[in-house]
Amino acid sequence: MNMPRRWYATAIAFAAAATSLTFASHAANAAAPKCAGPVSDTWINVTVDGVRNGNGLMAVTLYADEPRKFLAKKGSLYVGRVDATAPETRMCLYVPKPGVYALAVYHDEDSSTNIKRSGVLGIPEEGFGFSNNPPTIASIPSFRSVRLNIVKSGLSTRIHLKYP
């Protein structure tokens, strides 16, 4: 093929630039994790252990640093859900920005997107847990006991599920 040298050199430079852009794009996508929730620059890796089976979904609810909204109806920022896996489920959850949050987790074994409760006390029928793994023998934990300081992206936390 008879191409002027200048055109050939331009074509090669363009192809090299396009290739480097493609690699840069792939590198950026590899650095950004696939997390649940509204996309942000801050996320936390959550490992839920003590999962008794792989049925349904694992739901991780994110609460802002507002004690009066903790576990209140419509008090959460959002709920991230992934398929449950036993004996542990791993997921990534976006948080709006670095700061203090609380996590409440439940094993939605029937994928109803609602935690099943029993009796007048509303005791959970499905596995549940909270950030910092506070005791929950006689009551729900205090907000102070579940506060989690997420100062940067990529931190990890482990939450142990309790089943009734």
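The values are calculated or read from the model by the stated rules, or taken from the named source; none is laboratory data. Fair warning: this is a prediction, and the values are worked out from it, not measured in the lab. Here Cβ is always computed from backbone atoms with ideal geometry, including for glycine, and neighbour counts include all displayed protein chains.
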Residue in the stretch 125-139 that is assigned by TED's automatic domain parsing to the domain that holds Tyr101, touching a residue at least 24 places away in the same chain (Cβ under 8 Å) and loosely packed, with under 13 Cβ neighbours inside 10 Å present: no
Scan of the stretch 77-125 for residues that are among the basic types (Lys, Arg) and closer than 25 Å to Lys152 by Cβ, ordered by number: Arg81, Arg90, Lys97
Enumeration of residues in the stretch 137-159 that are in a strand (DSSP E or B) and over 20 Å from Arg117 (Cβ atoms): Arg147, Leu148, Asn149, Ile150, Leu155, Ser156, Thr157, Arg158
Val82 being surrounded by 11 or more Cβ atoms within 10 Å (Cβ to Cβ), in contact with a Phe, Trp or Tyr (Cβ under 8 Å, 6 or more places away or on another chain), of a type in the set (Val, Ile, Thr) and in contact (Cβ under 8 Å) with a residue 12 or more places away in the chain: no
Odd one out for Lys74, checked against (1) over 24 Å from Lys152 (Cβ atoms); (2) at pLDDT 95 or above: (2)
Residue ID - modelled with the lowest pLDDT, chosen from residues in the stretch 108-123 that are surrounded by fewer than 17 Cβ atoms within 10 Å (Cβ to Cβ) and within 22 Å of the chain's Cα centre (by Cα): Lys116
